[in-house]
Amino acid sequence: MHARIPAGTADTAPMVEARSAFLASGAYAPLANAVAAAAGTPSGLVVDAGAGPGYYLSRVLDAAPSAVGLALDVSAIALRRAARAHARLGAAVWNLWEPWPVADGVADVVLDVFSPRNAAEFHRVLKPGGLLVVAAPLPGHLAELGDLVLAVDERKEQRLETTLGAYFTRESVTEVVHTSPFTTRQVHDVVAMGPAGFHLDRDGRRERLRWTPARNVTLAVAVGVWRRND
Ligand SMILES: C[S@@+](CC[C@H](N)C(=O)[O-])C[C@H]1O[C@@H](n2cnc3c(N)ncnc32)[C@H](O)[C@@H]1O
């Protein structure tokens, strides 16, 4: 089945290429570790909403030997990578704003890493007491890259509470803040893989990116654990 979706929503081939190369470099390993720790060791189904190439879901499955994973994403190109990323991972091309192809109350954990949040579907597919793990950028995330990346909404935490609060209770938040030296390739890929990747040809961004030197870059992300309200 093909997902119906407006243009500029699904990650494109160059964005997926950049994301895969960047994640393989290990630069976001501290975030993957925090997501895996937040998910714990589920023994059943883990659904990753907007899984991209399946990097974070694979790390969760590595830590949970009897769990199985389902990657949902509207980008078929990203999901082709996800489907090959782990032996216990299946993938479905899906628009997260449509009712998901998942039964009621069957998932132990839902992951959402930098992806759209459909709170009603998160709640419907989770078992009673199931966990939602949400990773979202904090102010300061990738700050050294200035306007090459899109600004983080300062009220993101408040917006999360508004979106999720009717269905979930927040149990914990871990702030992953880590500054490390990025090569020119990592600088390029981290810009090209994100929302700015849809607009590289605007405002001379592609040209400026080409001449942006290696530098220290800060990863600043909140990993929230939310428990399903029954
Ligand atoms: C910023 S990327 C994050 C990917 C992955 N979670 C990661 O961090 O590597 C956002 C992902 O959400 C997907 N996406 C955006 N809108 C979507 C929608 N309405 N339904 C399904 N996937 C969507 C994009 O294709 C992309 O793979």
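The values are calculated or read from the model by the stated rules, or taken from the named source; none is laboratory data. Keep in mind that this is a model prediction, so the values were computed, not measured. In this analysis, Cβ positions are derived from the backbone assuming ideal geometry, glycine residues included, and neighbour counts consider all displayed protein chains. The protein model used for the area step is the full one, side chains on, heavy atoms only, and it has no ligands, DNA or RNA in it. Shrake-Rupley method; radii C 1.70, N 1.55, O 1.52, S 1.80 Å.
A few comments on the model shown:
- Reducing segment 180-230 and segment 16-86 to their Cα centroids gives an inter-centroid distance of 18 Å.
- Computed [θ] at 222 nm, deg cm²/dmol, the chain (DSSP H ≥ 4; -39,500 (n - 2.57); rounded to nearest 500): -8500 deg cm²/dmol
- Computed from Cα positions, the angle between helix 13-24 and the longest principal axis of the chain comes to roughly 80 degrees.
- Taking Cβ atoms as reference points and 12 Å as the exclusive limit, the residues near residue 33 contribute a net charge of 0, counting Lys and Arg as +1 and Asp and Glu as -1.
- Protection proxy ranking, peptides 88-99, 109-120, average beta carbon neighbours within 10 Å, highest first: 109-120, 88-99
- Shape call, segment 13-228: gyration tensor on alpha carbons, a/c limit 1.5: prolate
- Loop-resident sites, segment 129-160, for GluC sites (Glu not before Pro), counting at most 13 other Cβ within 10 Å (DSSP): 154
- Computed on the chain, with alpha-carbon pairs under 8 angstrom and 6+ residues apart, the relative contact order is 23 percent.
- Protein-only accessible surface order, largest first, of 74, 46 at 1.4 Å: 74, 46
- Accessible surface of segment 22-77, 1.4 Å probe, proportion on carbon and sulfur as whole %: 60 percent
- Estimated at the nearest 10 Å², the accessible area of residue 15 is 0 Å² with a 1.4 Å probe.
- Taking the Cα centre of the chain as origin and assigning +1 to Lys and Arg Cβ atoms and -1 to Asp and Glu Cβ atoms, the resulting dipole is close to 380 debye.
- In the context of the full set of protein chains, segment 26-119 has a per residue accessible area of 36 Å² (1.4 Å probe).
- With contacts taken as Cα pairs under 8 Å and at least 6 residues apart, segment 143-230 reaches a relative contact order of 51 percent.
- Between the amide H of residue 70 and those of 46, 47, 48, 90, distances stay under 5 Å, these residues lying 5 or more places away or on another chain, with hydrogens modeled in the peptide plane.
- Pairwise FRET efficiency - residue 173 versus residue 43, Cβ, R0 = 22 Å, nearest 0.05: 0.30
- Carbon plus sulfur fraction of accessible area for segment 168-230, probe 1.4 Å, in percent: 50 percent
- Relative contact order of segment 52-151, pairs being alpha-carbon contacts under 8 Å that are 6 or more residues apart, as %: 20 percent
- Counting only alpha carbon atoms, the long axis of helix 29-39 and the longest principal axis of the chain meet at about 10°.
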